[in-house]
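What follows is a set of notes on a single structure, which appears directly below.
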Amino acid sequence: MENRLAELRAEHQLSQAALAELLGVSRQTVISIERGRFDPSLPLAFTIARHFGTTIEDIFRP
């Protein structure tokens, strides 16, 4: 799955560590999602979308 997480994170001037803390996950989880090695759970995807004020579909694409 492709995603725009790194792009959105940069637009909001957040480090991977800062985003991880906001989401309640590890920095490694954020790195893995950004690199496409890990697909987030549905609750985590909703949390990410809510944080950036957008939809899951706008961030994650099959």
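The values are calculated or read from the model by the stated rules, or taken from the named source; none is laboratory data. Please read all numbers here as calculations on a predicted model, not as lab measurements. All Cβ positions, glycine included, derive from the backbone under ideal geometry; neighbour counts span all protein chains shown. Calculation scope for accessible area: heavy atoms of the full protein, side chains included, ligands and nucleic acids excluded. Shrake-Rupley method; radii C 1.70, N 1.55, O 1.52, S 1.80 Å.
Can you put F46, F60 in order of accessible area, largest first, using a 1.4 Å probe?
Of F46, F60, the descending order of accessible area is F46, F60.
Run the numbers on the chain and let me know its relative contact order in percent, using alpha-carbon pairs under 8 Å that are six or more apart.
Averaging sequence separation for qualifying contacts and normalising by length gives 43 percent for the chain.
Treating the beta-carbon of each Lys and Arg as +1 and of each Asp and Glu as -1, no other charges, what is the dipole magnitude of the stretch 2-55 about its Cα centre, to the nearest 20 debye?
Values: 6 positive and 6 negative charges, 17 e Å.
Dipole of the stretch 2-55, to the nearest 20 debye: 80 debye.
Can you list the HN-Hα couplings for the stretch 37-43, worked out from phi with the Karplus curve (6.51, -1.76, 1.60; θ = phi - 60°), rounded to whole Hz and with x for Gly and Pro?
8, 9, 9, x, 5, 4, x
Any idea what diffusion coefficient the chain gets from Stokes-Einstein, in µm²/s, Kirkwood Rh on alpha carbon pairs, 20 °C, 1.002 mPa s?
Taking Rh from Cα pairs, D becomes 190 µm²/s.
What is the extension gain from A17 to F46, computed as 0.36 nm multiplied by their sequence separation minus the C-alpha to C-alpha distance, in nm to one decimal?
8.5 nm
Rank A10, A20, A49 by how far each Cα sits towards the positive end of the charge dipole of the chain (+1 on Lys, Arg Cβ; -1 on Asp, Glu Cβ) and give me just the farthest.
A20
Got a number for carbon plus sulfur as a percent of the stretch 2-55's accessible area, 1.4 Å probe?
C and S fraction of accessible area: 50 percent.
Would you kindly state the longest site-free stretch of the chain, with sites defined as trypsin sites (Lys or Arg not before Pro) in a DSSP loop (not H, G, I, E, B) surrounded by at most 13 other Cβ atoms within 10 Å? Walk me through the numbers on the way to the answer.
Values: sites that count: R35, R37.
The answer is 1-34.
Send over a whole-number figure in Å² for the accessible area per residue of the chain, probe 1.4 Å. List each step's numbers first, then the result.
On the way: 3910 Å² over 62 residues.
Here the residues of the chain average 63 Å² of exposed surface.
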